[in-house]
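Inspection log for the structure reproduced underneath, given as structure tokens.
The values are calculated or read from the model by the stated rules, or taken from the named source; none is laboratory data. Note that the coordinates shown come from a computational prediction; the quantities given were computed from them, not determined experimentally. With ideal geometry, Cβ positions are generated from the backbone for all residues, glycine too; neighbour counts draw on all protein chains shown. Surface areas here come from the heavy atoms of the whole protein model, side chains and all, with no ligands, DNA or RNA. Shrake-Rupley method; radii C 1.70, N 1.55, O 1.52, S 1.80 Å.
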Amino acid sequence: MAKSYFFVYRTIACGLLLGAGAWAQTSVTVTRPTNFAVSPRLSDLHDAGTGAFVDHEPLPIPHPSAALTPLSDTAIQRSFGPLVSATNGVHFDAIGANGSAPPDTNIAVGPNHVIEMVNSRYQIFTKSGSSVLGPNSLGSLWAALGGSCSTANAGDPVVQYDRLADRWMFTQLGALSNPYSQCIAVSKTSDPTGAYTLYSYPYSNVLNDYPKFGVWPTATNSAYTATYNLFNGGSTFAGGQVCAYDRAAMLAGSPSATSVCYTISGDGGFLPSDLDGATPPVNGTPAYFMTWETTSSLRMYSVAPNFANPSSSVLTQLPDLAVAGFTQPCSSNCVPQLGTTQKLDTLSDRLMYRLAYRMYGDHASMVVNHSVTAGSSIGVRWYELRSPVSASGPFSVYQQGTFAPDATYRWMGSAAMDQAGDLAIGYNASSSSLNPALRYTGRFPTDALGTLQSEATIQFGSGSQTAGLSRWGDYSALRIDPSDDCTFWFSTEYEKANGTFNWSTHIGSFQFVGCGGPPTPNFALSANPSTVTLSASASGSSTVTATAINGYTGTVNLSLSGCPANATCSLNPTTVSPTATSTLSITTTASIAPGT
């Protein structure tokens, strides 16, 4: 029989007016779990549930009125760079539809396993794609805890691998009606199929919507960081909340691990800083929390938690960061798909998970992205922020860009960096002539600032979402493999066939050339123009350029695939020595069918 513990301590001070309509609670809300238990080994659990849950719309969050001012995007990238210098790795289908929508796809990667959580199941895989456990319902993981954590399957799940502790963490909403709560599970060992310490943290009368979690393992204020959008009674926006949970206590299995939280009224959509790599932040570095504040600024807070004396914890608003202007696209019914008039949502009112933080030799970097209007379509706006290596920062915008090289819609992105400083972004891509697909792009640290290379496809979609369902996402996850600190793993949803509530998810890996070793001689390919549009009985061409990288002196053999029926395609020459060009020629006949 699990023992239950309850302690809630709250103080409300007058608060501090922060400008632009945001108001921060200057006193700390301290909460300890209302329920605590230890699970059996997950491999021994019996999963009797279906895993389905009541469809839950992430409620919209307000921004100050200035945030909605449409601005011209001076950071837009309107052409493809060279062929992305990365190699695809392992790819496999993961959890599929189980009666819920959207899937809220996310993953965590450890030394030997990849874990995926969706609404409303989880599954553990080897890195080759073999299933180790599941898919099981989310509630089954918290069965020993009892209450709504074990029965509601309320979703909005997040899974983390805590690299420095070699542990796993699962989270999900406790309920979609009062009493609300947050469910957290921390593994007792490095074995993801082993036993977990289980927690339920209360949110009386306030829905803690759209939770996002990070790992912040500093020596003096070690925390699992979290953000929520709060709604009184589940419907009236009450502000964003930024939190830190006592990581050391949770790793030790304490039944009364403390959380310290602050509420920011009138503002939301925050993400918590989340460490990548083997180097922790400088001791004493506070946890960071970020949102886009206006269509030309980012807003950040820091929290220095003191779990021994919670009232001494410190919330600090950092100076707003000016960014290139953008226009917010609509959040729902924005993205077209092939073969249907049904359009998809973008969740453009918030930053997209994660706010990935990494330490380098002379600086710390954070990368993040969100969706913005890009002419007649939607593009991925991305940022890299940097600070000196110190506990006090400050961060500034090092580079930024909007990736929109053609009229395809790109959204639902996730960004991260590897040990070499290569930046990658995974996302969905769709248009009226394209089923939603999984793609990625990226850049070397030596590329021109604010630019990304071309893009590659992880998984083509063969269907579109139909029949009045605009929900898509609501987030994705790009993770870095701790085994080599070079391999990226990306997961999000796609459709195998037209339909509703029939989504699939896919997990794919890739790695940039040269990561983890000395620069490797290689070459890059680019095409100008990058797309060629022809009518029937017409001809066109594109110049293909092979560019030497890192002193490459060999030859490049070019070949063609995918030439449509009733067309001829040729390359001349087919062998080049970089840097050199070849001409791609395309001729169509009168009987060619419309298509790509």
Problem - Calculated FRET efficiency for the pair Ala391/Lys188, C-beta based, R₀ 30 Å, to 0.05 - result: 0.45
Fill in the blank from the handout: For the pair Tyr360 and Ser539, the simple spin-label estimate (label points 7 Å beyond Cα toward Cβ) gives in nm 4.8
Problem - Phe237, Phe460, ranked by accessible area, largest first (probe 1.4 Å) - result: Phe460, Phe237
Exercise for the section: Compute the accessible area per residue over the chain, keeping the other protein chains in place, probe 1.4 Å, unit Å². Expected result: 35
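Net charge near Ser85: determine it from the other residues with C-beta under 10 Å of the C-beta of Ser85, scoring Lys and Arg +1 and Asp and Glu -1.
The answer is -1.
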Practice task
At a 1.4 Å probe radius, which order do Lys127, Lys343, Lys212 fall into by accessible area, largest first?
Solution key: Lys343, Lys127, Lys212
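How large is the convex hull of the C-alpha atoms of the stretch 426-572 per residue, in Å³?
In the stretch 426-572, the Cα convex hull volume per residue is 168 Å³.
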Exercise for the section: Please work out how many pairs of lysine residues in the chain are eight or more positions apart (or on different chains) and have Cα atoms closer than 30 angstrom. Expected result: 9
Exercise for the section: Run through every distinct alpha carbon pair of the chain and return the Kirkwood hydrodynamic radius in angstroms, one decimal place. Expected result: 24.6
Handout entry: Virtual spin-label span in nm between Ser235 and Thr583, 7 Å along Cα→Cβ
Key = 6.8
Problem - Ser256 accessible area, 1.4 Å probe, all protein chains in place, Å² to nearest 10 - result: 50
Practice task
Calculate, for Ser204 and Thr87, the FRET efficiency according to 1/(1 + (r/R0)^6) with r their C-beta to C-beta distance and R0 51 Å; round to the nearest 0.05.
Solution key: 0.50
Completion exercise
With label points set 7 Å from each Cα along the Cα-to-Cβ direction at Ser79 and Leu449, the distance between them in nm comes to 2.1
Exercise for the section: Per DSSP H run of at least 4 residues, take -39500 (n - 2.57); add these up for the chain, divide by its residues and hand me the 222 nm value, nearest 500 deg cm²/dmol. Expected result: -500 deg cm²/dmol
Fill in the blank from the handout: Quick tally, 1.4 Å probe accessible area for Leu351, Leu525, sorted with the most first, runs Leu525, Leu351
Problem - Leu230 accessible area, assembled protein chains, probe 1.4 Å, Å² - result: 10
